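The structure appears right after this line, and notes come after that.
The values are calculated or read from the model by the stated rules, or taken from the named source; none is laboratory data. Since the structure is predicted, the reported quantities are computational estimates derived from the model, not experimental observations. Cβ sites come from the backbone with ideal geometry, for glycine too, and all protein chains shown count toward neighbours. Calculation scope for accessible area: heavy atoms of the full protein, side chains included, ligands and nucleic acids excluded. Shrake-Rupley method; radii C 1.70, N 1.55, O 1.52, S 1.80 Å.
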Amino acid sequence: MSGVFNVLMVGVGGQGIVLASDVLAEAAALAGMDVKKSEIHGMSRRGGPVFSHVRFGERVYSAVIDHGQADVVLAMEPMELVRWSRWARPGAAACYLAEPILPVGLSQYPDGLEAEISRLFGRVVRVELSAIRRSVPLKVRNTALLGATSVFFDLGPEYLQQALKALSPRGSYEANQAAFDLGRELATAQLMEAADVE
């Protein structure tokens with residue numbers, strides 16, 4: 001991989017953004033790349049916003065992704081993806097969990113949210129919570145989404161598997177690996193279907 005690849009991960013507290021970003025950073029390091037990571041999770045215990053910047057490549061000088069420079073945005077919630085879209089470069093990819101977390105007093109999101117996501121990003125993978133629930137525990141939805149996002153970057157799955165094994169909480173590696181594999185499979189199928197339609 002030449003240059004620097006930028007992955008922005010966003011969500012709210014308790015969704016596993018920190019673990020997913022740790023796994024990605026560790027995998028890139030195992031692949032012999034220079035890696036920098038920056039995160040904010042001070043409000044995580046209160047359901048507040050959590051985000052992480054992961055940058056990897058031949059030489060990385062800053063841990064922070066500039067506005068308009070993210071190659072991929074992983075979002076654990078659709079509105080968070082739209083909120084952070086200004087960090088994405090033109091044509092950037094997006095992968096998100098299609099499960100709204102509505103603020104108090106709001107019963108649904110505005111119409112046209114899906115169309116807006118398609119307008120903002122070049123390639124989009126939409127992961128349904130029901131597709132995860134059928135096969136793996138919901139607590140590992142973060143690694144399912146990481147698996148789905150992994151189709152967008154040139155990093156061997158073997159490095160991600162090693163990182164998952166090293167960083168998964170005790171007793172959860174098998175579930176995390178199954179979730180990762182499921183997410184990657186769902187994303188691959190979705191992108192192939194989109195290519196056939198085009």
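Within the shell defined by Cβ-Cβ distances under 11 Å, the residues around VAL18 carry a net charge of -1, with Lys and Arg each +1 and Asp and Glu each -1. Only protein heavy atoms count here; under a 1.4 Å probe, SER107 has an accessible surface of about 100 Å².
With the helix formula -39500 (n - 2.57) applied to DSSP H stretches of n ≥ 4, the chain reaches a computed 222 nm mean residue ellipticity of -12000 deg cm²/dmol. Note on the chain: with neighbouring protein chains present and a 1.4 Å probe, carbon and sulfur make up 51 percent of its accessible heavy-atom surface.
Taking all protein chains together and rolling a 1.4 Å probe, LYS165 ends up with roughly 140 Å² accessible. Listed peptides 171-182, 67-78 appear in the order 67-78, 171-182 once ranked by packing, highest mean of other Cβ atoms within 10 Å at the front. Average accessible surface for the range 4-197: 49 Å² per residue, computed with a 1.4 Å probe over protein heavy atoms with every protein chain in place. Net charge in the neighbourhood of GLN162 (other residues with Cβ under 15 Å of its Cβ; Lys, Arg +1, Asp, Glu -1) is -4. Among residues other than PRO110 with Cβ under 15 Å from its Cβ, the summed charge is -3 (Lys and Arg +1, Asp and Glu -1). The alpha-carbon of LYS139 sits under 25 angstrom from the alpha-carbons of these lysines, leaving out residues fewer than 8 places away in its chain: LYS37, LYS165. When the P(r) is computed for the chain, the part past 23 Å accounts for 39% of the Cα-Cα pairs.
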